[in-house]
Amino acid sequence: MGREFGHLMRVRPVITYSLSPLEQRAFPHYFSKGMPNMLHRTQACILHVVPSFVVFYFVYTWGTQEFEKSKRKNPAAYENDK
């Protein structure tokens, strides 16, 4: 009934290789090279990232405090009401 779906045509100049999923290593050198590389990159960029987060936090908290203050009514405006 023909060829199966993944092999419908043959392309001559293209060479494809495949590896069995049982032969592949899911995490090669993960602990020996990956974790130290991640720590090195984190230490290199932390001085660029943390100040912006700190500034954003202070601006956000200041903005929410000012918003809560603006929602309150001024009691002095209602002293003479009866």
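Every read-out reported here was derived from the displayed coordinates using simple, explicitly stated rules and does not represent laboratory data. Please read these numbers as outputs of a predicted model, since none were measured by experiment. Ideal geometry is used to build each Cβ from the backbone, glycine not excepted, and the neighbour counts take in all protein chains shown.
Could you check the simple spin-label distance between ARG41 and TRP62, using points 7 Å along Cα→Cβ, in nm with one decimal?
Calculated label separation equals 3.4 nm.
Please work out whether region 28-71 counts as rounded, prolate or oblate from its C-alpha gyration tensor, where a ≥ b ≥ c are the square roots of the eigenvalues and a/c under 1.5 means rounded, while otherwise a/b larger than b/c means prolate and anything else oblate?
Working: a/c = 9.68, a/b = 3.81, b/c = 2.54.
It is prolate, given that a/c is not under 1.5 and a/b is the larger ratio.
Per DSSP helix of 4 or more residues, -39500 (n - 2.57); summed, then divided by the residues of the chain. What does that give at 222 nm, rounded to the nearest 500? Kindly include the intermediate steps, with their values, before the conclusion.
On the way: 1 runs with 37 residues, N = 82.
Calculated from helices alone, the mean residue ellipticity at 222 nm is -16500 deg cm²/dmol.
Taking the Cα centre of the chain as origin, work out the dipole magnitude from +1 charges on Lys and Arg Cβ and -1 charges on Asp and Glu Cβ, in debye rounded to 20.
Numbers: 11 positive and 6 negative charges, 63 e Å.
Computed about the Cα centre, the dipole is about 300 debye.
Which of the trypsin sites (Lys or Arg not before Pro) found in region 6-77 are loop residues per DSSP with 11 or fewer other Cβ atoms within 10 Å of their Cβ?
Values: sites: ARG10, ARG25, LYS33, ARG41, LYS69, LYS71, ARG72, LYS73; in loops: ARG10, ARG25, ARG72, LYS73.
Sites meeting the loop and neighbour criteria: ARG10, ARG25, ARG72, LYS73.
Using θ = phi - 60° and the Karplus form 6.51 cos²θ - 1.76 cosθ + 1.60, what ³J(HN,Hα) does each residue of region 15-29 get, whole Hz, x for Gly and Pro?
Result, ordered by residue: 10, 10, 10, 9, 10, 4, x, 6, 8, 7, 9, 5, 10, x, 6 Hz.
Length gain on complete extension for the stretch ARG12 to ALA26, per 0.36 nm per residue less the alpha carbon to alpha carbon distance? Working shown, then result.
Numbers: separation 14, 0.36 × 14 = 5.04 nm, distance 3.12 nm.
Separation in residues times 0.36 nm, less the Cα-Cα distance, equals 1.9 nm.
Taking the 0 to 90 degree range and rounding to the nearest ten, how far is the long axis of helix 35-71 tilted relative to the main principal axis of the chain, both from C-alpha atoms?
Roughly 30 degrees between the two axes.
From the residues SER18, PRO28, SER52, which one has its Cα farthest along the dipole of the chain in the positive direction, the dipole being from +1 and -1 charges on Cβ of Lys/Arg and Asp/Glu about the Cα centre?
Checked the options; the winner is SER18.
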